[in-house]
Amino acid sequence: MKTILRGGFVVSGKSCRRADVLIDGEKIEKVGHVMAHAPWDTEVVDVSGCYLFPGFIDAHTHFDLDVAGTTTADDFDSGTYAAIRGGTTSIVDFACPNKGETLGCGLKLWHEKSDGKCWCDYGYHMTIDDWNADIERELDDMFAAGITSFKMYLTYPAMMLPDRQLYEAMVALKKRGGICGFHCENAGVIDAKIAELKAAGKGAEVSSHPKARPDYLEAEAVGRVLRIAQAADTPVIIVHTTNRAALDEIDAARRRGQTVYVETCPQYLLLDDSVYEHPDFSQASRYVCAPPIRKSADAAALWRGLRHGDVQTVSTDHCSFTPEQKEMGRGDFTKIPGGVPGVETRGELIYSAGVAQKRISLACMCRVLSENPAKLYGLYPRKGAVAAGSDADIVVYDPNANRVLRGAELASRAGYTPFEGFETSGSIRSVYLRGELAMDRGEVVGDRRGQYLMRGKCML
Ligand code: DUC
Ligand code: ZN
């Protein structure tokens, strides 16, 4: 059975043009003018007036993750169900071995958590939270298992590595053609700031969260990682970048000749730190994530970065907790589980606040949600393009079907959205995953068809 999507505008990282799309099985056979030669064997779907994007890729999710004595509200079932409703046809989650365990244990655990449960395709980055000769040897097993990207932390005592180990791991990854993302915040000074805020009687205030984790302590860690990467002579990814000072550090490294890839997230583009001032703990705590949401001038700098190609990807850092789970931190802001849901709303938010507001072009949206993550994480051109030979992962976006985001209507088990009441410009009408309709007008269709993604090396 073939399908023709007729009358839409196909968006790529370079352009947007009127074209039909012929799908044969799991793949795109042709993009251009398509005649239905065998109408009895071809379904023709009218998508006139809609944009056809390559399926969105969310390269930063945390599903079924144990954090601070609790577990994320979304597991791979509900998380990928939410993803497919939001046009995300591939996610890359962070597998995370417990400290002291092997990378192999982390990989096995993540397969147990996700295999057979996913509504969209899925892969893993591997977290390196320990470093020794055995772990270095295991890197080869990770590449053989289709894991070519890794993550290291400069904060969180259970996971962070000292500078020497960061450097040695970077060198080992470079040797194998791997790439690493870094969570950048200065752990020691943040701890001191937390102690000061508590001593000043501000330990129960959610507004202490951004005060303990200011933009310049993120920028310091970005600068340090980039100097270590300079020593190792290797490209790196700065994940969930939030602010102008951090972008300045990245700019300086690029001017030295370094290759730096930058990710940001919708919460840093659309919100500002006034969310932490809400007098109701139950409201303010919903926005606690690390790094925190910053000033509107920082958001403006991130949009500029997207427009100019200085920021390559927009992922979500989807790490969901219910308002009840956030109650763990009532009385002590450091005990609020950190993270926000976002996997279901990213495409509509970036179209509405980005394209419709003329901050970015359609092609830029395609680059940062699909094409660049596919290239960065070794999925291109199978994913990230509406082109002959690519997987038929397609988002049909109707620019005229506006809606209002309501947490209660979303699939995430968080039960809320940080973007409650946001009026979108247009919305996602339908989603195809490897040639089959997976979502139609808000309804998920079919079953859990997600496949594990063996990924190649970075080609961005
Ligand atoms: N930040 C969060 O807020 N949650 C999960 C992990 C992270 O880096
Ligand atoms: Zn994260």
In terms of modelled amide H atoms, which long-range or inter-chain residues lie less than 5 Å from the amide H of residue 318?
62
Sequence-separation-based contact order of the chain, relative, with Cα cut under 8 Å and 6+ spacing, percent:
22 percent
Just tell me which lysines come within less than 16 Å, Cα to Cα, of residue 326; anything on the same chain fewer than 8 places away is out.
335
Judged on accessible area alone, 1.4 Å probe, highest first, 85, 227, 213, 359 line up as 227, 359, 85, 213
Amide H to amide H, which residues 5 or more places from residue 151 or on other chains are under 5 Å from it, using H placed in the peptide plane?
126, 127, 128, 181
Solvent-accessible area per residue, Å², over the chain with all protein chains present [probe radius 1.4 Å]:
37 Å²
Sequence of 419, 143 when ordered by accessible area, the most exposed leading, probe 1.4 angstrom
143, 419
For the stretch 290-304, Karplus-derived ³J(HN,Hα) couplings (6.51, -1.76, 1.60; θ = phi - 60°; whole Hz; x for glycine and proline) come out as 10, x, x, 6, 9, 7, 5, 5, 5, 4, 4, 5, 5, 4, 4
When only the heavy atoms of the protein chains count and the probe is 1.4 Å, how do 2, 113 rank by accessible area, highest first?
2, 113
Roughly to the nearest percent, how much of the accessible area of the chain is carbon and sulfur, given a 1.4 Å probe?
50 percent
So, taking all protein chains as they sit and a 1.4 Å probe, how much accessible area belongs to residue 448, in Å² rounded to tens?
100 Å²
Env charge @ residue 158, Cβ radius under 13 Å, K,R +1 / D,E -1, value -3
Would you mind counting up the charge near residue 438? Only other residues with Cβ under 13 Å from its Cβ, with Lys and Arg at +1 and Asp and Glu at -1.
-2
Stokes-Einstein translational diffusion, the chain - Kirkwood Rh over all Cα pairs, 1.306 mPa s, 10 °C, in µm²/s
72 µm²/s
Charge dipole (debye, nearest 20) of the stretch 56-376; +1 at Cβ of Lys and Arg, -1 at Cβ of Asp and Glu:
1020 debye
Please state the charge dipole magnitude for the stretch 8-121, taken about the Cα centre, from unit charges on C-beta atoms (+1 on K and R, -1 on D and E), reported in debye and rounded to the nearest 20.
500 debye
Which pairs, out of 99/198; 30/383; 113/175; 151/383, put more than 20 Å between their alpha-carbon atoms?
99/198; 113/175; 151/383
Which value, in Å² and to the nearest 10, is the accessible area of residue 319 when all protein chains are kept and the probe is 1.4 Å?
10 Å²
Using DSSP, restrict attention to beta bridges with both residues in the chain and report what percent are antiparallel, rounded to the nearest 5.
45 percent
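The values are calculated or read from the model by the stated rules, or taken from the named source; none is laboratory data. The structure displayed is predicted, hence computed values, not measured ones. In this analysis, Cβ positions are derived from the backbone assuming ideal geometry, glycine residues included, and neighbour counts consider all displayed protein chains. Just so you know, the surface numbers come from the protein's heavy atoms only, side chains and all, with ligands and any DNA or RNA stripped out. Shrake-Rupley method; radii C 1.70, N 1.55, O 1.52, S 1.80 Å.
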